[in-house]
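As structure tokens, the structure follows; a few thoughts come after it.
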Amino acid sequence: MISMKRVLWIPIVQKGRLVVLILSLIFLTSCSSDATIDENEPKLRHIALVAPIHAEEQGDAIRLGAEAAAKVYGMVLDYIPLEPSDDEAEQLQAALKVLEKGSSAILIDPASEAVLLKLGDQASAADVPIIALNDERMTTGVLSAIAIHNEAAGRKAGEQLADLLGDRGVVAILRSDREDPDLIAREEGAKSVLSGISGIQIADGAACGKREDACWQAAKQLLDRESVDGILALDIQASLGAAKEVARRNVQGKIKIVTFGSDLEQLQLLQDGILHKLIVQNGFSTGYLGVEQAVKVLDGSKYDKPIVLETKVIDADNMFWMDNQKVLFPFVK
Amino acid sequence: MKIAYAKRNSIKPTIQRWIRRFCAHSIQSIIMWSFSAFILLIVIVVAVLLFNKFSRSAEQSVFLNAQQIVDQVSYNLEDYVDGMAQLYRAIEENMLADGQWDDEQVTQQLNTIMRSRDDIVSIALFNEQGDMLRNHPAMPVKASARVTEQSWFHSAMRVSNHLSFSLPHVQNLYDHTFKWVVTMSKGITVVHNGEPTYVILLVDINFKKIDELSSRISLGKRGYAYIIDEGAGNIVYHPQQQLIYMGLRNESVERALTSSDSYIDESDGVKRLNTVKSVVNIGWKIVGVSYLDEIMTTREEVNRYLVQVVAMVLVLAIAVSLILSAMLTRPIRRMGRTMKAVERGDFNVELPMQGPLEVVQLSSRFNLMLDKIRQLMKQIVKEQESKRRYELEALQAQINPHFLYNTLNSVVRMVGMSKKEEVITMITSLSKLFRLSLSKGKTSISVREELEHARHYLTIQQMRYKQKFDFLIEADEAAQSCYTLKLVLQPLIENAIVHGIEYMVDQGHIHITAAIQGDLLEMTVRDNGVGMSPEMLERILEVETLRQHPAPFINTAGSGVAVRNVHDRIQLYYGHRYGLEYESELEEGTTVRIRIPIIHESGEEREHD
């Protein structure tokens, strides 16, 4: 009995050492499992989307698209809103602030080339890729761009106007007073088509700023000066100004207006028969593809050409087609 | 530098020893490796089983989760649609019960309903021609509305008295509102102003609510749900439906239409789990999409975790088995070391009586065995000593007759020469010599007696050698009372006479002393004879030769053998510290010193004590 007891006691002499060893190994195991948990929770990347100025529904569509893509690609989208009164200076300021705060990539629909250049320079220095939306210019720091082919869109608009006029009549172009190369490309595209049609005569156009009233005045002057059968309005404000003047003169339907954009007001005017054709680009796709491109750029892909989106021609008849509804009217409340 | 070298030197053999221990078929290595292998096997089996169980249950939970979420969305939608149908009935009753839709009471009731429900966009009543009879809120229908061409109008006209739900669409009745709505419509015949009239009641509900119900679900990190129309397979709602219309995305609606459960969709190269559930009262189907690579991630996580656990357990198992095997085999190794010591000839070791029961038993038996060996060895030594003593005593017995023969020969010769006086002296000395030699059989006698014996022996020899030498015996009183082995002087004296004096020309002289020197009794026999060469001096006390070759001991003539005998006897009795010491120089003489301990009682008395 005594000897049995002694046998049992022998390992106990070593027990302390053993216990320490086992405890330290358990400790090590727990340490490593902690590390595993940490590894499995990667830091989410932030992508900023700086809102476009005066884009309204189009801007909302871009945001929705970007949000959808961010969810798909596991990103956090920081949306930087702008006030309706904000201008390019405010947009640039907001973009630079985001850059300073630190973001993996910045998506911006720049108000002007200057905004894009300034932001591009600083972002390039900070090694943050810029993805330009609705802009074909891939300047310094801009690593990818999502845009429509403005010249092609212009040609499409020209064709639609000529079609509405039955290839006969006087056409005026209402443009922006901004030096926007996108708008210039659209104008060139449209002119290239219209000038090729013998029955069509291109009258002197007019230019207006970002305010609707200014465009209305420009349209008024234009219609006072010229007798036109068709107006090609190169942006939303121009189209609204022209529509207002046409409605005021009570000549809606007689003067055919073809324009760009899918603003709700434009859609209303389209349904009312004041505007006749809209060349529409899909804002949702722009936002979605913008985030998608940002992810690809961050993962090391290189792009030297913008991604060109198709445009759609919308009129009063097809605007409520199911496919078009979903493009034109995002689920905004 | 030196220290490092020394360290390396000490570490290297340790490592080698450990490697040897674990590579060889040692018990420790067998225990360790088998223990580790066993644990590893069990852990791997458990890990594989757990992995299967974990990953299967993870998959099942994802399947179940998706199913539950989709079910939940479906129930919510059904509930919502049911609620809307009830609301529709309430509006219908309020507006059409008495066939009066334009009195004040109806307006109030509609107001109440509209105020309580923010998801109702508009309520409108049309006649068969598409003319508006009443609407709430009251707004003019826009000219371009084309009411009769709208799908909800067709549905109401096609089947009367059946509430139909339209697909989500943009409301196109009033100016400046392009809200996404689902239209509830029904064609009813009512009696209005006494005439039966067919009217169509329309209630537009904001799609926002359905959008919220469908979009606020989470199926993993990237999962989503979409709704299709069971009839035509149109996508009613999709979180990315604009992408679908732009052709940037695809959903395999056909499979979802025919399926009523879960299925794996690989149409766009990514494995996705689609979970389908019908919303019966509205004819829609909800399709929940989960990404399977998220499940795979869970599986990989489980896998990685299990591999870590297995590795840790293995390390733990090896460490524990290392310690355990070392602990278990330690007594055995200790036993081995002890046995090796015994092998080297160290019998004064003992195994400690501790460790496991078997080891204690083994140790006990080993100790018993060792004890027995020690006893046997002691016995052998004792026996050998006794044997030696007997041999010596036998030899001693042979010396006396030899001497007696020579002496008697001399006596005969002296009788022949009629030397009566000398004969008397010689016989007297001889008889005394024998008496002293016998000494009642005792092995030790007093120095006095030993000197007496020597004197008689010298007297006899002096006569035999015709006064060729003279002698002198000197002894302290204290020395004389001490005890010594008997007959130690006689062989030395014989040696001095035979080898030292016999052949010398001059008169020989033998000087015998006995004195106490410190803690020793010293007796000397000094002669002035021919002396010995150093070689001979060396040979004379070769004890080993004596032990190893006892045979020449007896046969060799001369007293060289006898001298060794004396030396041997002294050492046997008193120990190796004592014995003879020779000093000799050729032509000068030889001195022999006998050193023995100072003993004041006879050997017999000591033994009795």
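Details
- For region B:379-534, the C-alpha radius of gyration divided by 2.2 N^0.38 Å, with N the number of residues, is 1.13.
- With N the number of residues in chain A, Rg(Cα) / (2.2 N^0.38 Å) evaluates to 1.49.
- At 0.890 mPa s and 25 °C, Stokes diffusion of region B:54-104 via Kirkwood alpha-carbon radius, µm² per second: 174
- Against the empirical 2.2 N^0.38 Å (N residues), region B:92-227 has a Cα radius of gyration ratio of 1.15.
- Per-q log10 I(q)/I(0), region B:187-250, q = 0.14, 0.26, 0.27 Å⁻¹ (Debye; single scatterer per alpha-carbon; no solvent): -0.61, -1.17, -1.20
- Sparsely packed loop sites in region A:204-248 (the GluC sites (Glu not before Pro) outside DSSP H, G, I, E and B with at most 11 other Cβ atoms within 10 Å) do not occur.
- Helix axis angle, A:150-164 relative to chain A longest principal axis, alpha carbon, degrees: 40
- Chains B and A together, accessible area buried on both sides, 1.4 angstrom probe, square angstrom: 4400
- Theoretical ellipticity at 222 nm over chain A - DSSP helices of four or more residues, -39500 (n - 2.57) apiece, nearest 500: -16500 deg cm²/dmol
- Label-to-label distance for B:MET114 and B:ILE380 is 12.8 nm, based on points extended 7 Å past Cα in the beta-carbon direction.
- Stokes-Einstein D (µm²/s) once Rh is taken as the Kirkwood radius of region A:246-312 over alpha-carbon pairs, at 37 °C in 0.692 mPa s: 227
- Relative contact order %, region B:410-464, counting alpha carbon pairs below 8 Å whose residues are six or more apart: 41
- Cβ-based charge dipole, the protein assembly as shown, positive-most Cα from B:HIS567, B:VAL279, A:ILE231: B:HIS567
- Against the main long axis of the alpha-carbon atoms of chain B, helix B:420-438 sits at an angle near 20°.
- Extending 7 Å from the Cα toward the beta-carbon at both B:ILE42 and B:GLU588 defines two label points whose distance is 8.8 nm.
- Highest-MSF residue in chain A out of A:SER112, A:SER176, A:SER195 [GNM, Cα springs under 10 Å]: A:SER195
- For the pair B:SER481 and B:LEU64, the difference between a 0.36 nm per residue extended length and the Cα-Cα distance amounts to 138.3 nm.
- The count of lysine pairs in region A:176-289 whose Cα atoms are under 19 Å apart, excluding pairs fewer than 8 places apart on the same chain, comes to 12.
- Here the calculated FRET efficiency for B:VAL280 and B:LYS221, from their Cβ-Cβ distance with R0 = 30 Å, stands at 0.45, rounded to the nearest 0.05.
- Chain B: Rg to Rh, with Rh as the Kirkwood radius over Cα pairs: 1.73
- Relative to the Cα centre, the charge distribution of region B:397-536, modelled as +1 at Lys and Arg Cβ and -1 at Asp and Glu Cβ, gives a dipole magnitude of about 760 debye.
- FRET efficiency, B:LEU404 to B:ILE373 (Cβ-Cβ, R0 60 Å, nearest 0.05): 0.80
- These residues, B:TYR465, B:TYR457, go from largest to smallest accessible area, 1.4 Å probe, as B:TYR465, B:TYR457.
- Convex hull volume of the Cα atoms of region B:205-346, normalised per residue: 179 Å³.
- Normalised Debye scattering of region B:448-512 at q = 0.13, 0.23, 0.27, 0.30 Å⁻¹ gives log10 I(q)/I(0) of -0.35, -0.95, -1.20, -1.40, counting only Cα atoms as equal scatterers and leaving out solvent.
- Net length gained if the chain between B:ASN234 and B:GLU294 were fully extended (0.36 nm per residue, minus Cα distance): 18.8 nm
- Relative to the longest principal axis of the Cα atoms of chain B, the long axis of helix B:560-574 lies at roughly 50 degrees.
- Percent of beta bridges antiparallel (DSSP, chain A, rounded to nearest 5): 5
- Largest accessible area first, the residues A:TRP216, B:TRP33, A:TRP321, B:TRP152 order themselves as A:TRP321, B:TRP33, A:TRP216, B:TRP152 under a 1.4 Å probe with ligands, DNA and RNA left out.
- Bridge type composition, the protein assembly as shown - antiparallel percent by DSSP, nearest 5: 65
- A full extension of the chain between B:GLN507 and B:GLU350 corresponds to an added length of 50.0 nm, given 0.36 nm per residue minus the alpha carbon distance.
- Each Lys and Arg adds +1 at its Cβ and each Asp and Glu adds -1 at its Cβ; summed about the Cα centre, chain B shows a dipole of about 2480 debye.
- Summed over qualifying helices (DSSP H, 4 residues or more, each -39500 (n - 2.57)) and divided by its residue number, chain B shows a 222 nm mean residue ellipticity of -18500 deg cm²/dmol.
- Relative contact order of region B:236-315: 17 percent, from C-alpha pairs under 8 Å at least 6 residues apart in sequence.
- Rg then Dmax, both in Å and based on the Cα atoms of the protein assembly as shown: 64.4, 204.
- Solvent-accessible surface (1.4 angstrom probe) belonging to B:THR298, in square angstrom, nearest 10: 50
- Per principal axis, descending, Cα span of region B:310-372 in whole Å: 53, 24, 11
- In the elastic network of chain A, a GNM with C-alpha springs shorter than 10 Å, the most mobile of A:LEU309, A:LEU264, A:LEU49 is A:LEU264.
- Dipole of the protein assembly as shown computed with +1 at Lys/Arg Cβ and -1 at Asp/Glu Cβ about the Cα centre; of A:MET322, B:ASN367, B:THR590, farthest Cα towards the positive end is B:THR590.
- For the protein assembly as shown, the Cβ-based charge dipole about the Cα centre amounts to some 6100 debye (Lys, Arg positive; Asp, Glu negative; other atoms uncharged).
- In nm, spacing of pseudo-spin labels at A:ASP224 and B:ARG435 (7 Å Cα→C-beta vector): 18.6
The values are calculated or read from the model by the stated rules, or taken from the named source; none is laboratory data. Quantities reported herein were computed from a predicted structural model and do not represent experimental measurements. Cβ sites come from the backbone with ideal geometry, for glycine too, and all protein chains shown count toward neighbours. Surface accessibility is based on the protein's heavy atoms, side chains included, excluding ligands, DNA and RNA. Shrake-Rupley method; radii C 1.70, N 1.55, O 1.52, S 1.80 Å.
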